[in-house]
1. Taking 0.36 nm per residue of separation and subtracting the Cα-Cα distance, what length does fully extending N150 through E135 add?
2. Can you tell me how much longer the chain between D70 and Q181 gets when fully stretched, taken as 0.36 nm per residue apart minus their C-alpha distance, in nm with one decimal?
3. What FRET efficiency comes out for the pair A62/A99, r = Cβ-Cβ distance, R0 = 30 Å, nearest 0.05?
4. Multiplying the sequence separation of I173 and T194 by 0.36 nm and subtracting their Cα-Cα distance, what value in nm do you get?
5. List the lysines whose alpha-carbon lies under 23 Å from that of K79, not counting same-chain residues fewer than 8 positions away?
Amino acid sequence: MEPSKTSSAPRNLSLALLAAVFFLGLAVTGSVFTAERFRLESGVVDKAEQKCGKEARKRLVAWEALLSKDIDSDMKKLKRVNDFFNKMIFFVNDIELYAVKDYWATPVEFLCHGAGDCEDYAIAKFFSLKTLGVEEGKLRMAYVKSLTYNEMHMVMAYYSTPSAEPLILCNQIDEIKPASQRKDLMPIFTFNVTGLWLAHERGQGKLAGKSSRLTAWTDLQQRMASNNIN
């Protein structure tokens, strides 16, 4: 699979768009997910199969199995999750998949379709690593500019310490590399469920505000709560 060969249109980096990340703050005790040993709620996999076919069931069952594993280090978790989504999912832009310019899929929708764009990869990796027990403060979604494709791109960044150079999990390449080795990416900003930072290659960057003031995540939250699959 070569997900970088199909590219989506450049995105406007609006606060409304960024607000969709808030769904990641939902507890795994919500209607789609159950707590403790990770389990998808009864009916979610059936809905996915009805919408997207038998392969959707296989993908969701494989994801459930991955998130139920006892993996003993952050680095192993990063590699397992990055490999899982990069190998399991094909890159398709939102116009082709959802007939809209920009749509941020829930992890269930992403796995149901077996396809999605860069935001969907980053969000699914973030949520999966959080569920596997990686500290949320070490995880960020990162907006960057792809110098290769001259367009906006999203990756997931992992900070081992607040001052560390982040490691980049990207759908365009399978290898996890430090930010300084991704000369093809120009950092713009990073964010998680608590804040928004101006991005730097090393360290957390300058805090630009609290993400709690953003409100446009409502649609995504409703889809998570209702188990809807678009």
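1. 2.2 nm
2. 36.9 nm
3. In this case the efficiency is close to 0.60.
4. 4.8 nm
5. Within the straight-line cut-off, K79 pairs with K5, K58, K69, K87, K125, K130, K138, K177, K183.
Each value in this text was obtained by applying a stated rule to the coordinates, not by laboratory testing. Source: prediction; values computed, not measured. Cβ sites come from the backbone with ideal geometry, for glycine too, and all protein chains shown count toward neighbours.
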